[in-house]
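The values are calculated or read from the model by the stated rules, or taken from the named source; none is laboratory data. All values reported here derive from a predicted model rather than from experimental measurement. In this analysis, Cβ positions are derived from the backbone assuming ideal geometry, glycine residues included, and neighbour counts consider all displayed protein chains.
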Amino acid sequence: MPLSRRSAPSSADGLADPLFEHAGLVRSRRGKTAHPLRPGGIEPAARAELVRPAPVPLVAANGVGWLPVAGWNLPWLSSGFSTRLGGLSHAYAAGGGCGELNLGFTAEDASETVARNRRLLAEAVTGDSAVPLIPARQFHSNLVVVAGAEDAARERPRKADGLLCAEPGLLLGVQTGDCIPVLVADRRRRVVGAFHAGWRGTVKRIVETGLGRMRLEFGSRPADLIAAIGPGIGPCCYAVGEEVLSEFESQFSYARELFREVCDSDPVRQRYPLLFMNQRAPGHARLDAALHVDLIEANRRQLLDTGVRARSIQIAGGCTQCNPHLFFSYRGSRGRTGRMMAVIGIRKGAARS
């Protein structure tokens, strides 16, 4: 009996199926079960498996708690990551407790207090509160600029998400409140860089762009570079939508390796599942599962792709949302929070080799 017109295979089937497969879809066919909508290759994980332990801060003589980079013992280099410990701010302190080290000019904190906090951080890291701190006006881009002494005198920082410097006596700083800070130093040419990598900056390859600029401007070679990835929101807490996965897949062949499907044990969600219904067909998505992305690993992969050796990359550890006693977290505080800072600089009196 000949096949009916409706069920006869189309000559375009062989062309259409690879496109559907690439999108994580399978055409509905009689007698076959459709596949899940979510693209395959994303491993499930329990939240506890993705937690990285928080580091123990070093408390400076002025009371500031900060994180030096393990193994960075170069005498010409100053570097580190701030915490919320120490400082003079009370805007975000629970119950008006001890002063905190808010380093961002936020609406709730006095600008004079923030300026004094920045001097305290400079003193903790370099031993000198008068060292000029050069920040950036960040906007989740891949823009990298070379900073110098003239930037220390600017009333308003330059727009950028990456800063490079080869001048001694200055301190570069990038602010974070969940995003990932990355510090890089050229041991041979004595050049330093600081990069702010949220998910948008990561997709735009801010770290790869910055290291390429170091090579162009200063002749830096990957074999001479050391890098440190500071505290940020971890894969344990950073739930994102599928549009973020799509953005990563458009840029990185290994994108799916950066994502995990984490089950949410929220008792409200379990008791009232109808409140959390989505637009997918029944059976195609778990109501208690969410995509989580690992921005720390994403930026480590970018460092490796530029030629930095794996043993030259340090990871501070600690999730900003998991450790509210230690870090400010934009997500954890629903937007009302302070800012931390990652800083790096060449000590005064050190010259390029």
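With the requirement that a residue be of a type in the set (Lys, Arg) and crowded, with 18+ Cβ neighbours inside 10 Å, what does the stretch 100-125 give you? Steps first, please.
From the stretch 100-125, those of a type in the set (Lys, Arg) are 116, 118-119; that's our starting set.
The one that is of a type in the set (Lys, Arg) and crowded, with 18+ Cβ neighbours inside 10 Å: Arg118.
Would you say Leu88 is surrounded by fewer than 21 Cβ atoms within 10 Å (Cβ to Cβ), among the aliphatic types (A, V, I, L, M) and assigned to a strand (DSSP E or B)?
yes
Looking at the structure I just gave you, is Leu172 buried (at least 24 other Cβ atoms within 10 Å of the Cβ) and assigned to a strand (DSSP E or B)?
Taking the combined requirement at face value, the residue satisfies it.
Suppose we filter Arg256, Arg269 for residues that are touching a helix residue (DSSP H, G or I) at 6+ places or on another chain (Cβ under 8 Å) and modelled with pLDDT under 70; which single one remains?
Selected residue: Arg269, the only one of Arg256, Arg269 that is touching a helix residue (DSSP H, G or I) at 6+ places or on another chain (Cβ under 8 Å) and modelled with pLDDT under 70.
I'd like to check which helices (runs of 4 or more DSSP H) are fully inside the stretch 194-266 and have at least 2 residues that are small (Gly, Ala, Ser) and in contact (Cβ under 8 Å) with a residue 60 or more places away in the chain.
The helices (runs of 4 or more DSSP H) meeting that bar are 206-218.
Are there any pairs, at least 6 apart or on different chains, whose C-beta atoms fall under 7 Å, with the first in the stretch 166-186 and under 21 Å from Arg339 (Cα atoms) and the second among the charged types (D, E, K, R), and if so, which?
Close Cβ pairs (under 7 Å, with a partner that is among the charged types (D, E, K, R)) amount to Gln175/Arg339; Thr176/Arg339; Gly177/Arg339; Asp178/Arg331.
From the list Ala130, Ala149, pick out the single residue that is touching a Gly at 6+ places or on another chain (Cβ under 9 Å), at pLDDT 95 or above, surrounded by fewer than 16 Cβ atoms within 10 Å (Cβ to Cβ) and within 20 Å of Arg347 (Cβ to Cβ).
Numbers: Ala130 fails: touching a Gly at 6+ places or on another chain (Cβ under 9 Å).
Exactly one of Ala130, Ala149 is touching a Gly at 6+ places or on another chain (Cβ under 9 Å), at pLDDT 95 or above, surrounded by fewer than 16 Cβ atoms within 10 Å (Cβ to Cβ) and within 20 Å of Arg347 (Cβ to Cβ), namely Ala149.
Can you spot a residue in the stretch 182-196 that is surrounded by fewer than 16 Cβ atoms within 10 Å (Cβ to Cβ) and in contact with a Leu (Cβ under 7 Å, 6 or more places away or on another chain)? Walk me through it before giving the result.
Of the residues in the stretch 182-196, the ones surrounded by fewer than 16 Cβ atoms within 10 Å (Cβ to Cβ) are 188.
Keeping just the survivors that are in contact with a Leu (Cβ under 7 Å, 6 or more places away or on another chain) gives none.
No, every residue in the stretch 182-196 fails to be surrounded by fewer than 16 Cβ atoms within 10 Å (Cβ to Cβ) and in contact with a Leu (Cβ under 7 Å, 6 or more places away or on another chain).
Filter the stretch 202-237 down to residues that are surrounded by fewer than 24 Cβ atoms within 10 Å (Cβ to Cβ) and of a type in the set (Val, Ile, Thr) and give me whichever is farthest from Leu74 (Cα to Cα).
Among those residues, the one meeting the criterion is Val203.
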